[in-house]
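> Pasting a structure here, questions to come.
The values are calculated or read from the model by the stated rules, or taken from the named source; none is laboratory data. Only a predicted model underlies this, so the values are computations on that prediction, with no experimental measurement involved. All Cβ positions, glycine included, derive from the backbone under ideal geometry; neighbour counts span all protein chains shown. Calculation scope for accessible area: heavy atoms of the full protein, side chains included, ligands and nucleic acids excluded. Shrake-Rupley method; radii C 1.70, N 1.55, O 1.52, S 1.80 Å.
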Amino acid sequence: MSSAAMMSGEIRQRFLDYFAQRGHEIVPSSSLIPHDDPTLLFTNAGMNQFKSLLLGQERRSYVRATSSQKCMRVSGKHNDLEAVGRDGRHHTFFEMLGNWSFGDYYKREAIEWAWNFLTVEMGLDVSKLYVSVYKDDQESYDIWHDTVGVDASRIYRLGDLEKGDDENFWSMGDTGPCGPCTEIHFDQGVEVANGDDRPLGANESDRYLEIWNLVFIQYDRDANGVLAELPLQSVDTGLGLERLAALKSGQSSNYASDLFTPLLDWVSKASGRSLADDEDRVSMQVIADHARAMAFAVADGGRPGNDGRGYVMRRILRRAARHGRRLGFREPFLYQVADQVIEVLGGHYTELARARDHVLRVIKLEEERFNETLDRGLARFDEFAELARERGDGVIEGEQAFRLHDTFGFPLDLTQVIAEEQSLTVDVQGFERAMEGQRSRARAASKFSTAGKGEDWQWISGGEPGVDRPATRFVGYRALSIATHIIGKRKLENGEFELVLNATPFYAEGGGQVGDVGVIVGGSLRLTVLDTQPSHAGPVHRVRVESGDLTAKPDAVVATVDQEARSSTMRNHTATHLLHAALHRHLGGHAQQAGSLVSPEKLRFDFHHDGAVGREVLDAIEREINMEILSDYSVTKHVDVPIEAAREMGAVSMFGEKYGDSVRVVQVHDLSMEFCGGTHCDHTGQIGSFRITNESAVGAGVRRIEAVTGLGAMQQTALERDVVRTVGERLSARSDEIEARVQGLQSEIKKLQSKLDDARKISAGGAVDDLLGSATEVDGVKVVACQVDVADRDALVQMGDALRSGLKSGVAVVGSVVDGKVAFLAVVTDDLIKGRGLRAGDIVKRVAKVAGGSGGGKPHLAQAGGKDPAKIPAAIAAVGSVVQELLHA
């Protein structure tokens, strides 16, 4: 095959087909947002979804796989953000073509197939290809040299673990699976070497471009660094589509491939800037790259936020927005570039096309928010820059950079870029100190504190639980009443106590579920448990003494949870899981949990979504959940599940939550599976029924649904039935006639309102004629000033418009009491605005001041309020002098 140009879509498909023909299963890309792994911000390699297979922890129906994986590298050791746009090969988002063997074929097949694909299928020039192997990997060297036929001068041995050089050696961690890798490089020529004539391995220019990395998972490394051969040896390869597409286009920059050119062309045309300008080109490349990252991340359920992956996304978008500002964009634009991304890649990644509206809405909204603060932040930066120049050190101080970050949302790298443009630097260490100070304050503020101030803890029969002895055991999953002992207590200032038991059935608040309530009794002692909160010692019970003496040495006690409250809480918690799953079905994967409250009275669920959830969707969700309740599905609690196994089960975890090595997984039939430590029903039928009571906005991009179950749902239904019955009785209508009767009344009211408006206009017309007849003259200007009676502010404005029209040339000010409040309105005709400099806003402001008020508005019409209705006549009397004063100002 010739080395003619080839479109990226064809390259991707030919790669997948090539390995499918060699017995590989084509596996779709996993989500860019790893919802089942809260430790990973973004999927950053093709092997992520095959990790358990490569570790030998899982078996699937195939032992060979191929895929085109969506990847993003913006944190940790895989952080390419700062280099993005400045060269032709680094990206945040990219596609990783790969093939894998899970204990099947090994080095020979992997090497031969890779070489054949590049040289035969892709037609790359063999004379420009070089390979590297780990220095001790003789097997791979021999395959390249003896089997494939690569000349020894084109094979480089790199890396030396004994000297701390891990080049061409892959490791999953300090211990565990690892092995040598071999890489295929393309010589792009001395033109891109920037004078660096060193060979592969030492050359730091773009001359030798790594195309494909073949990893051979061969060893298990122990804590002492000793390598032992693995019984199951696997292959994990990665080929960058963007780099290969550029090579097939005859270009040395990935941005010159068809994956990027439509985006760059749009930005260039929209901004009126040229790619021929180096600085403008860098900005355009940053925008193109970041638009791809944002489009895919949002489509897969991510969204900008203040921490974790949300903060990374926000930082990417703001970096792109800043470069857009460099190019002259003043209004949101990145969402339009994202639309071009969908045009280019939505055919293969259909989830991108399906989420188009959501993607564009989220990106545009985030752009609008940042634009509100960007100009103010830039103005603040200019102040800091001027101070730096006055001091003569040219440094933006760390505290100043932190203020830009904290107040205006400027990531540090954005401040650094702006500083560099003005030949300034940023005190990065000072910034980090300020950031750490904020983190320390946040940690101090978030430490667990019990209900209130009081005495020190008294620990009984031992030291502090969780420190000197094991923390309290929670046994409330299987028992609601147990015999136990008080092992810690303290009295609070309000007379209540806090207790720690050696074992407890009381659930401590966590995961959105409120703490249990109930009673603790022993002998003459009777305590009401008002709340249960978590601590390092275990659940802490806040109690009120009903009888007995808690200050005396207590005997054994019986702790009993309020069964009715617990059961109601369980119904609401299980319903919350059903609601979460239903939101995913109806709104999409982006509707991730953003917070929750589960109490005996109700459930409250916050989730990511832009715009209100329509009534029809809410009704459908409510109907589906009630059908799931009627189906009486089983609710299974998987206990002590290794966290990796839980993820493989498909359990959903909450990003940002900290989990141990083992977790509890709650599964509702095949509808829902989540990491959850809360209490739940055993069957969905125990929920009884489910009713949504409210849907509202919590903040930008976050919605809230409130609902009730069980008895609460019955009460909600009864309340609505009573309302319908009462309305029906008042309208003398059956329940099925109420809607038509109400519509009839609304129509009648509308007609009556129209007649009333007409009557008011007629009345106002007569009043206006009278007012015009009372006009006086001030320095040649006709002036109308009067107190009037009007029904509302709309009527006041209508009167003002009529006066302005009737005057032809003049000023009118009217005052009234509307809804118990003082109201003034002033109008000025156009000729006096232009010829005499009179403005309604100036007039009404001075008039209202007489009545203790203020206001303003446009030159032709302005309104104001006042505090004292008794002073309206005095204010109206002052109109003439106010106009005269302004005429002579």
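> Acidic (Asp, Glu), within 25 Å of residue 851 (Cβ to Cβ) and out of contact with any His (no Cβ under 9 Å at 6 or more places or on another chain): does that describe residue 794?
yes
> State whether one or more residues within the stretch 673-682 are touching a residue at least 24 places away in the same chain (Cβ under 8 Å), surrounded by fewer than 18 Cβ atoms within 10 Å (Cβ to Cβ) and more than 27 Å from residue 532 (Cα to Cα).
no
> Quick one: would you say residue 542 is of a type in the set (Lys, Arg), within 30 Å of residue 594 (Cα to Cα) and surrounded by 15 or more Cβ atoms within 10 Å (Cβ to Cβ)?
yes
> Go through (1) open to solvent by less than 20 Å² (accessible area, probe 1.4 Å); (2) part of a strand (DSSP E or B); (3) at pLDDT 90 or above one by one and return the number of the condition residue 123 breaks.
(2)
> Still on this structure, please answer the following. Here is a list: 169, 186. Which entry is of a type in the set (A, V, I, L, M, F, W, C) and free of Cβ contacts under 8 Å to residues at least 60 places away in the same chain?
After applying the criteria, what remains is 169.
> Oh, and also: Which condition from (1) of a type in the set (A, V, I, L, M, F, W, C); (2) in contact with a strand residue (DSSP E or B) (Cβ under 8 Å, 6 or more places away or on another chain); (3) not in a helix (DSSP H, G or I) is the one that residue 733 breaks?
Just one mismatch for residue 733, condition (2).
> Sticking with this one: Answer with yes or no whether residue 632 is in contact (Cβ under 8 Å) with a residue 12 or more places away in the chain, surrounded by fewer than 21 Cβ atoms within 10 Å (Cβ to Cβ), touching a strand residue (DSSP E or B) at 6+ places or on another chain (Cβ under 6 Å) and farther than 26 Å from residue 534 by Cα.
When the stated conditions are applied, residue 632 passes them.
> Could we say that residue 73 is at pLDDT 85 or above, surrounded by fewer than 22 Cβ atoms within 10 Å (Cβ to Cβ) and either touching a Cys at 6+ places or on another chain (Cβ under 6 Å) or closer than 21 Å to residue 239 by Cβ (or both) here?
So residue 73 does not fit the description; no.
> Then there's this: If residue 153 satisfies all but one of (1) open to solvent by less than 40 Å² (accessible area, probe 1.4 Å); (2) at pLDDT 90 or above; (3) not acidic (Asp, Glu), what's the number of the condition it fails?
Looking at each condition in turn, residue 153 falls short on (1).
> If you go through the stretch 156-166 one residue at a time, do you hit one that is surrounded by 17 or more Cβ atoms within 10 Å (Cβ to Cβ), part of a helix (DSSP H, G or I) and not aromatic (Phe, Trp, Tyr)?
Yes - at least one qualifying residue is present in the stretch 156-166.
> Further question on the same structure: Determine if the stretch 468-486 includes at least one residue that is at pLDDT below 90, in a loop (DSSP other than H, G, I, E, B) and open to solvent by less than 20 Å² (accessible area, probe 1.4 Å).
yes
> Follow-up. With the condition kept exactly as written, say whether any residue in the stretch 830-849 is of a type outside the set (Ser, Thr, Tyr) and closer than 13 Å to residue 787 by Cβ.
The answer is yes; a qualifying residue exists.
> For residues that are in contact (Cβ under 8 Å) with a residue 60 or more places away in the chain and touching a helix residue (DSSP H, G or I) at 6+ places or on another chain (Cβ under 9 Å), scanning just the stretch 196-214, find the one that is farthest from residue 170 (Cα to Cα).
206
Residue by residue, here is whether (1) charged (D, E, K, R); (2) on the phi < 0 side of the Ramachandran plot; (3) in a loop (DSSP other than H, G, I, E, B) holds:
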| residue | (1), (2), (3) |
| --- | --- |
| 500 | no, yes, no |
| 516 | yes, yes, yes |
| 521 | no, yes, no |
| 526 | yes, yes, no |
| 529 | no, yes, no |
| 532 | no, yes, no |
| 536 | no, yes, yes |
| 541 | no, yes, no |
| 544 | yes, yes, no |
